[in-house]
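Peer 1: Shown below is the structure under consideration.
Each reported figure results from applying straightforward, stated rules to the coordinates on display, with no laboratory input. Keep in mind that what you see is a predicted model, and the values were worked out from it rather than measured. A quick note on method: Cβ atoms are made from the backbone with ideal geometry, for glycine too, and the neighbour counts reach across all protein chains shown.
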Amino acid sequence: MKIGLIDIDSKIPNLALMKLSAYHKQKGDDIELTQPLFADQFDLVYASKIFDFSVMPILPDDVIIGGSGFDLTSLLQPEVESLVPDYSLYKCDYAIGYTSRGCNRSCPFCIVPKKEGKFRPVGSIFQFWSGQKRLMLLDNSLNTDEGHFKFILNQLIENRIKVFFAQGLDIRLLTNNQAELLSLVRLWKRIHFAWDFLGIEKSVIKGIEILDRYNLKNKSMFYVLVGFNTTRDEDMYRIETLRKLGIDPFVMPFDTRDQYQRDLARWVNHKAIFKTVEWGEYRG
Ligand code: SF4
């Protein structure tokens, strides 16, 4: 069979499509990444849409569509889900996958609790890692469970893999033991944390003290969500507090069409500007 795979809006190699590719290659099918325009040239077509804000292309009725931007309940069949992704689909030279699903929190702007439910470990890196030097972990909140975190970090450390925690770690849950493991693992990119609203200030400060104890401050950065349910004063307080503590803030606008949120993001995220120009003097 000739199988077409359509990646509507992914920003990174699409894990579901890579698993579908692996599944159909096992069956001897021909696989091709394709565009909506050519969908009728295949025996079977899958399309994946990750974001709800992206535009849905016109597709024939028989295309199988999935992804959280289309339907939060769509899942791969277990026999597909369990496969090592076909990284050759995107010529991807790093491993991508997750070892846990879900999250125990319920941040109102996040689809994870609705889509995946409570946190639970689901496996190890060996289900998707096949010797690559770098690995992107998609776990939503890996440090929720101390035992699972240790299990995964030890696998990364023993195999000298450079890791990127793509969905970040929860600063409120950071312990000394976790920070010690983080100081031993090889990092591909900085560790991401988030300070999304003012009410968690004490936990953020405590977490940063732990990062400092293990020399992880300059290997970390903090997302600061603005425009959701915080005031402008609260936004500035979080940004300046992080700056004073020697931590790099990175502003995430909730609504990128909003001028204030866009200006603030550009001011903070452009480090040369952030270090030399005061907000009151910044003209966008
Ligand atoms: S902690 Fe992260 S993954 Fe969990 S609900 Fe909040 S934003 Fe989503």
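Peer 1: Among the chymotrypsin sites (Phe, Trp or Tyr not before Pro) within the stretch 1-69, which fall in a DSSP loop and have no more than 16 other Cβ atoms within 10 Å of their own Cβ?
Peer 2: 51, 53
Peer 1: Among 90, 126, 256, whose Cα projects farthest towards the positive end of the dipole of the chain, with charges put on the beta-carbon of Lys, Arg (+1) and Asp, Glu (-1)?
Peer 2: 126
Peer 1: Then there's this: If I model a spin label at residue 64 and residue 240 as a point 7 Å from the Cα along the Cα→Cβ vector, what separation in nanometres do I get?
Peer 2: 5.5 nm
Peer 1: Hey, what did the chain get for relative contact order, percent, Cα under 8 Å, at least 6 apart?
Peer 2: 10 percent.
Peer 1: Arranged from highest to lowest average of other beta-carbon atoms within 10 Å per residue, in what order do the peptides 25-31, 124-130 appear?
Peer 2: Highest to lowest by the protection proxy: 124-130, 25-31.
Peer 1: As a check on your grasp of the helix formula, calculate [θ] at 222 nm for the chain: sum -39500 (n - 2.57) over DSSP H runs of n ≥ 4, divide by the residue count, round to the nearest 500.
Peer 2: -8500 deg cm²/dmol
Peer 1: Note the angle between two axes, namely the Cα long axis of helix 232-244 and the longest principal axis of the Cα atoms of the chain, as a number of degrees from 0 to 90, rounded to the nearest 10.
Peer 2: Tilt of helix 232-244: around 80 degrees.
Peer 1: According to the square roots a ≥ b ≥ c of the eigenvalues of the Cα gyration tensor, what is the shape class of the stretch 222-284, taking rounded for a/c under 1.5, prolate for a/b larger than b/c otherwise, and oblate for the remainder?
Peer 2: It comes out oblate by the Cα gyration axes.
Peer 1: Mean 1/r over all different Cα pairs, inverted: what Kirkwood radius does the stretch 106-159 give, in Å?
Peer 2: 12.7 Å
Peer 1: Length gain on complete extension for the stretch residue 162 to residue 187, per 0.36 nm per residue less the alpha carbon to alpha carbon distance?
Peer 2: 8.5 nm
Peer 1: Taking Cα atoms, how many degrees apart are the long axis of helix 201-213 and the longest axis of the chain, rounded to 10 and kept between 0 and 90?
Peer 2: The angle comes out near 90 degrees.
Peer 1: May I ask which of 150/206; 133/244; 133/202; 118/206; 27/150 have a Cα-Cα span longer than 27 Å here?
Peer 2: 133/244; 133/202; 27/150
Peer 1: Please list the non-local residues whose amide H lies under 5 Å from the amide H of residue 74, H modeled 1.01 Å from N, same-chain partners needing a gap of 5 or more.
Peer 2: Those qualifying (amide H under 5 Å, at least 5 residues apart or on another chain) are 67.
Peer 1: Ordered by packing density, taken as the mean number of other Cβ atoms within 10 Å over each peptide's residues, highest first, how do 181-192, 266-277 rank?
Peer 2: Descending mean neighbour count gives 181-192, 266-277.
Peer 1: Moving on. In what sequence, highest mean first, do 107-117, 72-82, 215-225 appear when ranked by Cβ atoms within 10 angstrom?
Peer 2: Highest-to-lowest ranking by the protection proxy: 215-225, 107-117, 72-82.
Peer 1: Once the piece of chain linking residue 254 and residue 282 is laid out straight, how much longer is it, given 0.36 nm per residue of separation minus the C-alpha distance between them?
Peer 2: 8.0 nm
Peer 1: Then there's this: Assign unit charges at the C-beta atoms only (+1 for Lys and Arg, -1 for Asp and Glu), then state the dipole size of the stretch 88-218 relative to its Cα centre in Debye, rounded to the nearest 20.
Peer 2: 280 debye
Peer 1: Let me ask another. For the stretch 58-109, rounded, prolate or oblate, judged on the Cα gyration tensor with a ≥ b ≥ c (square roots of eigenvalues), a/c < 1.5 rounded, else prolate if a/b > b/c?
Peer 2: oblate
Peer 1: How many angstrom separate the Cα center of the stretch 52-93 from the Cα center of the stretch 136-193?
Peer 2: Each part's Cα centre sits 27 Å from the other's.
Peer 1: Charges on Cβ only, +1 for Lys and Arg, -1 for Asp and Glu, centred on the Cα centroid of the stretch 128-268; of 265, 191, 204, which one is farthest towards the dipole's positive end?
Peer 2: After comparing all options, I get 191.
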